[in-house]
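Single-structure report; data block below.
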Amino acid sequence: MTIEFASTAAIGLVAACALQGAIMCVDEFYCHMRRRVPSWERVGHPIDTFFFLACFVFALTTSPAAGREWIFVVLACVSTLMVTKDEFVHAGLCDGFEQFLHALLFILHPIVMISLGMLWSRGHLSPELGSPMRVFVAGQSSLIAGFLVYQVLFWNSSYFARWFAQWKSDNPKRLQQVALNLDVSRRKQATRR
């Protein structure tokens with residue numbers, strides 16, 4: 001394999017992962033926080049993340065050999081299809097901005113899968129090489145696994161659900177109180193000087 005091919009696939013993977021991660025953060029921590037997330041999504045989104053993670057773990061733990069490429073292709077196709085399964089639900093729940101984010105994620109998902117598959121199938125993720133891309137893919141796998149744990153705990157734990165509902169209802173008052181406390185303490189400090 002030529003150096004150009006490897007560097008193109010690596011740049012594609014890093015750029016697509018970075019952009020996908022940024023968009024996912026906006027979707028998760030802005031869009032999902034301002035609307036009700038129904039049970040279908042609370043279960044479905046961790047399933048999406050699980051299949052996405054499965055592709056990364058497979059690429060890290062399995063060496064490319066005859067016949068194994070099909071396993072990766074099937075995992076990547078299932079992962080790509082899984083992320084679209086909620087769009088029937090999203091059509092009635094999401095505003096245009098969130099649907100736009102989802103469209104961007106649908107474009108980036110196969111780019112990530114194809115770049116990852118290209119690097120893996122040509123041996124650029126093998127442990128013997130100790131390549132920077134292997135370190136990157138391992139780091140991405142850790143981030144994805146952490147996000148999966150967050151999704152399962154935050155959206156499906158009754159404790160976190162109660163906490164978030166309380167935080168959402170009390171937050172404007174709490175923020176006003178924090179601002180008031182800061183203002184009072186600044187005044188006290190100014191009068192002491």
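The values are calculated or read from the model by the stated rules, or taken from the named source; none is laboratory data. Every value quoted in this text rests on a predicted model; they were computed, and no experiment measured them. Neighbour counts run over all protein chains shown; Cβ positions are idealised from the backbone, glycine included.
With respect to the stated conditions, ASP95 is touching a helix residue (DSSP H, G or I) at 6+ places or on another chain (Cβ under 9 Å) and surrounded by fewer than 18 Cβ atoms within 10 Å (Cβ to Cβ). The set of residues from segment 27-73 being under 30 Å from PRO132 (Cβ atoms), polar (S, T, N, Q) and in a helix (DSSP H, G or I) comprises THR49, THR61.
Remark: pairs (first residue in segment 40-55, aliphatic (A, V, I, L, M); second residue assigned to a helix (DSSP H, G or I) and crowded, with 19+ Cβ neighbours inside 10 Å; Cβ separation under 6 Å; 6+ apart in sequence or on different chains) = LEU53/ILE144; ALA54/LEU75. Picking from residues in segment 106-143 that are among the hydroxyl-bearing types (Ser, Thr, Tyr) and either closer than 11 Å to LEU60 by Cβ or not assigned by TED's automatic domain parsing to the domain that holds THR8 (or both), the one that is surrounded by the fewest Cβ atoms within 10 Å (Cβ to Cβ) is SER142. Only one entry of LEU53, LEU75 meets the criterion of being farther than 16 Å from ILE114 by Cβ, modelled with pLDDT of 90 or more and either in contact with a Gly (Cβ under 7 Å, 6 or more places away or on another chain) or crowded, with 16+ Cβ neighbours inside 10 Å (or both), and that entry is LEU53.
Close Cβ contacts (under 8 Å, 6 or more residues apart or on different chains) running from residues in segment 74-97 that are without any contact (Cβ under 8 Å) to a residue 60 or more places away in the chain and part of a helix (DSSP H, G or I) to residues that are among the polar types (S, T, N, Q) and surrounded by 13 or more Cβ atoms within 10 Å (Cβ to Cβ) comprise HIS90/GLN99; ALA91/GLN99.
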